[in-house]
Amino acid sequence: MSTINESSSTVYHGLWLVATPIGNLDDISPRSVSVLRASPIVCCEDTRRSGSLLKHIGARPERLLVTNEHTEHDVIATVLEYLGNNITVSLISDAGTPGISDPGEQLVAAVHAAGHKVYATPGPAAFVMAAAISGLPTTRIAFDGFLPRAGAARRERLTEIARERRTTVLYEAPHRLERTLVDLASTCDPTRTIVLARELTKLHEDLWRGSLEDALVHVRTIEPRGEYAIVIAPYWADVVEVTDTDIIDELTQRIQSGLTTRDAINEVTDALGVPRKRVYTLAVAL
Ligand code: SAM
């Protein structure tokens, strides 16, 4: 049997990424419920936590497969075997959309590579909600997940954010929030606007908006608790004039990362909103 029909939803055979609430249980969609009820196998990070959600929605899978950052790779062969035997598998995470700062990426790639289908029931993702309600530009968004904890990788990412022309969204644990704000304030313009989106969809939901330097004062006056998404305004939001040095920096970064000069010129023209001829002239001089 390749499909399972249940109420108004069709659950096609394949791997399903099922989005679950990021706090408020009412945010689970009827389609997520249908798919989980129809899945004999559910991959989840934590059987106890997901077990209560599944019970709450009346889903009784035959098997829960623990799929966390340590086990995701080992689960792949088992999932492919189920899919090969026409058994539908769902993947959920502790909260939100699987594969978004959660297990899923490796499994999805392996399922595609083996020629099976991947579907999803879209739903909550903290970074989307945080960006949407932040009041910052949403035409272009860079989701950077969790910053690397330390070292060159962290510094590199912070430097990228300092020059990022899209709105950036980060995830951070409450006990690392202050450290991350200190690092952001020392790399970025401290007057840059940021939004701290806390405990979204939950009882203590809170949205703090202000400058990076004020955010530091703010987190030092509270005990950061709960879950935070950090939304950072684009670098260029308040800047009117683009200097030649800015253009050269942007060109150099792209060329060094492997782009052809022509592609770098095109990207920089779009990114900085300056005439192509000006970027071309500076690129030639490089
Ligand atoms: N897969 C999830 C998603 O789709 O958003 C993200 C999982 S990641 C392991 C957990 C991080 O997401 C938290 O540390 C926090 O930064 C952010 N997050 C999750 N739920 C949140 C909420 N209700 N409010 C604010 N941030 C949240």
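Here are a few things to note about the model shown:
- Heavy atoms of the protein chains alone define the surface here; on that basis the range 136-181 has 53 Å² accessible area per residue at 1.4 Å probe size.
- Angle of helix 177-187 to the longest C-alpha principal axis of the chain, folded into 0 to 90 degrees and rounded to 10: 30°.
- Using alpha-carbon coordinates, inclination of helix 212-221 to the longest axis of the chain, degrees: 50 degrees
- Each other residue within a Cβ distance under 12 Å of ASP246 adds +1 if Lys or Arg and -1 if Asp or Glu, for a net charge of -1.
- Using θ = phi - 60° and Karplus 6.51 cos²θ - 1.76 cosθ + 1.60, couplings along the range 53-58 (whole Hz; Gly, Pro as x): 5, 4, 5, 4, 9, x
- Close amide H pairs (under 5 Å, H built 1.01 Å from N) link LYS117 with LEU15, residues at least 5 positions away or on another chain.
- Amide H contacts of PHE146 (H built 1.01 Å from N, in plane; Pro and chain starts excluded): TYR171 sit under 5 Å, all sequence-distant by 5 or more or on other chains.
- Anisotropy class assigned to the range 127-232 is rounded, per the alpha carbon gyration tensor with a/c under the 1.5 cut-off.
- Within the shell defined by Cβ-Cβ distances under 11 Å, the residues around THR168 carry a net charge of +3, with Lys and Arg each +1 and Asp and Glu each -1.
- Sorting 43-52, 98-107 by average packing, meaning the other beta carbons within 10 Å per residue, from highest down gives 98-107, 43-52.
- In this label model, GLU69 and TYR12 are separated by 3.2 nm, measuring between points 7 Å along each Cα→Cβ vector.
- Cα gyration tensor shape of the range 15-124, rounded if a/c is under 1.5, else prolate or oblate by comparing a/b with b/c: prolate
- Fraction of antiparallel bridges per DSSP, the range 127-232 only, in percent to nearest 5: 75 percent
- Carbon + sulfur, % of accessible area of the range 15-124 - ligands and nucleic acids excluded, 1.4 Å: 48 percent
- Based on C-alpha pairs under 8 angstrom that are at least 6 apart in sequence, the range 59-203 has a relative contact order of 18 percent.
- Listed residues GLU250, GLU164, GLU172, most fluctuating in the chain (Gaussian network, C-alpha, under 10 Å): GLU250
- For the chain, a Gaussian network of Cα nodes joined below 10 Å ranks ARG60, ARG220, ARG37 by mean-square fluctuation, and the top entry is ARG220.
- Between ALA233, ALA110, ALA19, the GNM of the chain built on Cα springs shorter than 10 angstrom shows ALA110 fluctuating the most.
- The range 244-285: C-alpha gyration tensor shape, a/c 1.5 cut-off, then a/b vs b/c: rounded
- The chain, relative contact order in percent, only Cα pairs under 8 angstrom and at least six apart counted: 16 percent
- Its relative contact order, with pairs defined as Cα atoms under 8 Å and 6+ residues apart, puts the range 15-124 at 44 percent.
The values are calculated or read from the model by the stated rules, or taken from the named source; none is laboratory data. Here the structure is a predicted model, which is why all the values come from computation and not from measurement. When we count neighbours, we look across all protein chains shown, and the Cβ atoms used for this are built from the backbone with ideal geometry, even at glycine. The area values use the complete protein model at the heavy-atom level, side chains included, leaving out ligands, DNA and RNA. Shrake-Rupley method; radii C 1.70, N 1.55, O 1.52, S 1.80 Å.
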